[in-house]
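The block underneath contains the structure these notes are about, expressed in structure tokens.
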């Protein structure tokens with residue numbers, strides 16, 4: 001079962017108070033829906049994983065060894081779809097020590113990670129808007145030595161494991177975030 005979007009949003013706001021983290025969750029939802037559409041997968045299922053992937057970030061203090069495991073426990077107790085829980089549990093490989101192996105796991109890892117890079121890229125532009133970000137700029141920033149803090153290059157490159165070249169993935173993610181830019185304050 002999937003939660004109704006209103007219920008998922010209520011849950012997100014119950015556990016996450018930081019506006020930037022909520023914006024990141026909304027951006028991740030948009031990117032995951034765009035990825036699902038591009039790959040012909042369930043957009044609601046993938047979107048819900050994007051929206052709820054950091055549900056426990058404040059209660060676990062994003063501690064790598066436990067991050068996402070508490071979210072998995074919360075969602076399991078609510079009867080949420082096992083695939084969604086699995087993707088959330090595996091988006092942070094440090095929590096389980098098990099490497100990702102499924103398309104949905106790769107998609108969530110790369111989809112939620114690129115939102116941080118796009119946000120960081122937008123912040124270097126004078127108007128600080130996603131609309132200013134060019135996919136080429138995202139790819140270029142990814143290749144820079146001084147890569148955005150807390151953004152794992154390896155996770156973004158997992159887009160290639162699901163058959164999407166990096167430049168296409170960057171364009172897809174920028175477009176998805178631009179579609180909700182006002183809602184996320186960018």
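Conditions tested, residue by residue: (1) over 17 Å from residue 115 (Cα atoms); (2) touching a residue at least 40 places away in the same chain (Cβ under 8 Å).
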| position | (1), (2) |
| --- | --- |
| 30 | no, yes |
| 43 | yes, no |
| 53 | no, yes |
| 61 | yes, no |
| 66 | yes, no |
| 70 | yes, no |
| 77 | yes, no |
| 81 | yes, yes |
| 84 | yes, yes |
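For first residues located in the range 121-135 and on the phi > 0 side of the Ramachandran plot and modelled with pLDDT under 85, partners that are in a helix (DSSP H, G or I) and surrounded by 12 or more Cβ atoms within 10 Å (Cβ to Cβ) and lie 6+ apart or on another chain with Cβ distances below 8 Å form the pairs 128/122.
Is there a residue being buried (at least 21 other Cβ atoms within 10 Å of the Cβ), closer than 15 Å to residue 28 by Cβ and at pLDDT below 90 anywhere in the range 156-177? The answer is no; no qualifying residue exists. Looking at 87, 95, 109, 149, just one residue is part of a helix (DSSP H, G or I) and at pLDDT below 85, and that residue is 95. Taking the conditions (1) surrounded by fewer than 18 Cβ atoms within 10 Å (Cβ to Cβ); (2) in a helix (DSSP H, G or I); (3) in contact with a helix residue (DSSP H, G or I) (Cβ under 7 Å, 6 or more places away or on another chain) in turn, residue 64 satisfies each one other than (2). Of note, residue 100 does not satisfy the criterion of being more than 20 Å from residue 180 (Cα to Cα) and part of a helix (DSSP H, G or I). Residues in the range 124-140 that are farther than 16 Å from residue 182 by Cβ, in a helix (DSSP H, G or I) and more than 18 Å from the chain's Cα centre (by Cα): 136, 137, 140.
The values are calculated or read from the model by the stated rules, or taken from the named source; none is laboratory data. Quantities reported herein were computed from a predicted structural model and do not represent experimental measurements. Neighbour counts are summed over all protein chains in view; Cβ atoms, including those assigned to glycine, are modelled from backbone coordinates with ideal geometry.
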